Structures are given as C-alpha cells and as structure tokens.
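Below is one structure; the comments refer to it alone.
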Amino acid sequence: MTTYVATVNGTVIARCDRTVLIEGNRCFPPDAIVEEHFTTTRVKSLCPWKGVASYYALTVDGADQRNAAWSYRQPSRLARKIKNYVAFWDAGSVTEA
C-alpha cells in the first residue's frame, strides 16, 4: 500500500495510505491532516457533480496561504466517498513516501 505525504515548505500537513484520487487531486481523510496547520475560511465554491466545497487556510512557519485546501462536507451522492476528505491547491506538494 502506498503512503502519500502532503507538505508545505518541507512541513508535513497530511500523511496517509487511504487517499482518494479524484480529478487529479489526492484527497486525504480528515484524520490524516495535521489540524494545527488548517483554519476554516468563509470561502465556498460549487462543483456541478461534487457539491459545495469549503476552504481552509494553511499556516506553516507563520506564513498563511489562504484557501489552499478544500473539503466537501456534504458532497453529492456521486462524490460521497470524499466526504470530509481534504485536497490541496499547488500550495501543498503531495508525494509518495
């Protein structure tokens, strides 16, 4: 089983071997993220088939990256396997461990 690690500036923000790949994004389950780096923002977006995404700011070494991660808290039935999973924009680098 492959373990994936998400980092920002060399700091691990998520690690897991139970990720889901969807639309080119590696999604991590909520228990795999390092919560101290995540702060909920007020931003939301709508995907026609996944539903409403909620965003997080990432804070690493005192630097904030607004809306750098997102999650579907109440996804559509088609996307239910990624409920509460977290994915990252280019701010986070995801690699195999």
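Read the figures in this text as sums done on the coordinates, not as results from a lab. What you are looking at is a predicted structure, and each value in this text was computed from that prediction instead of being measured. Because the Cβ atoms are built from the backbone with ideal geometry, glycine has one as well, and the counts that use them run over all protein chains shown.
In a reduced charge model with +1 at each Lys and Arg Cβ and -1 at each Asp and Glu Cβ, the chain shows a dipole moment near 640 debye about its Cα centre. Based on alpha-carbon atoms, the Kirkwood radius and the radius of gyration of the stretch 4-51 give Rg/Rh equal to 1.00. Each 5 Å bin from 0 upward holds the following percent of the Cα-Cα pairs of the stretch 1-84: 3, 15, 24, 26, 19, 11, 3, 0. Beta bridges assigned by DSSP with both partners in the chain are antiparallel in approximately 95 percent of cases.
Of all the options Ala79, Ala69, Ala53, the one that moves most in a Gaussian network model of the chain with Cα springs shorter than 10 angstrom is Ala79. Between the beta carbons of Glu35 and Leu78, assuming R0 = 25 Å, the FRET efficiency works out to 0.35 to the nearest 0.05.
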